[in-house]
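Below you'll find the structure, written out as structure tokens, and then a few comments.
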Amino acid sequence: MSQNIEIEFKNMLTNDEFLRLIKHFNIDLTKFKKQVNHYFDTPSFSLKAKGSALRIREKDTQFEMTLKQPAEQGLLETNQFLEPAQAEYILKTGKILEGEVQDAITNIIDDADSLEYFGSLTTDRAEFDYKGGLLVLDHSYYLNTEDYELEYEVTDESEGFKIFSELLDELNIPVRTTDNKIKRFYNRKREGL
């Protein structure tokens, strides 16, 4: 198991802004790698109600289960690597295997046994070091929707905010309120119901 605090800034992009960033940073399109986020919650969205989210991220043949929950600063992530067969079992049954993630889930909700698989969001992602943080360009598609996003992951919140704001300003990209991927996925799923 690993736990870490995630501090990141996000901004939605238009397709034109996304392409402008690729050009600005001279990103080779082969640097974009595919990942799939598989999302879970209870039918009554118990995790969401606690400001938390559970996913299994699939990259190539590797699977990592992550619970994100609020922390004093940023989000606390509890991570657990899975074998492909374990991930397949969880995706089919919604049953979380014993381990650190299951322990963390049962500490925040009472109905962990009713978790179920809600669906997936696929992202083509390029990431690279930028001024002491990690800059991430995402093109995501899910539920007949696609969107573009810029993220900046840092360890120092105030310095990261300054650098991220300066980058948006330099490239004339307006600041946009940006929900995280799971919230965008759930909002789109709700619209489709």
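Only the coordinates and a few stated rules stand behind these numbers; no lab work does. Just so it is clear, the model here is predicted, and its values are computed rather than measured. Using ideal geometry, Cβ is built from the backbone for each residue, glycine included, and neighbour counts are taken over all protein chains shown.
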Checklist entry - Tell me, which longest segment in the chain has none of the GluC sites (Glu not before Pro) that fall in DSSP loops with at most 11 further Cβ atoms within 10 Å? => result 99-193
Checklist entry - Based solely on its DSSP helices, what 222 nm [θ] is calculated for the chain when runs of n ≥ 4 H residues each add -39,500 (n - 2.57) and the sum is averaged over all residues, nearest 500 deg cm²/dmol? => result -9000 deg cm²/dmol
Item to check | Summed residue charge, Cβ within 9 Å of residue 135's Cβ, Lys/Arg positive, Asp/Glu negative | outcome: -3
Item to check | the stretch 2-188 - Debye-derived log10 I(q)/I(0), Cα point model, q = 0.08, 0.10, 0.14, 0.19 Å⁻¹ | outcome: -0.27, -0.42, -0.83, -1.40
Item to check | Over 21 Å between alpha carbons, listed pairs 59/92; 33/92; 48/68; 68/131; 10/92; 10/95 | outcome: 33/92; 68/131; 10/92; 10/95
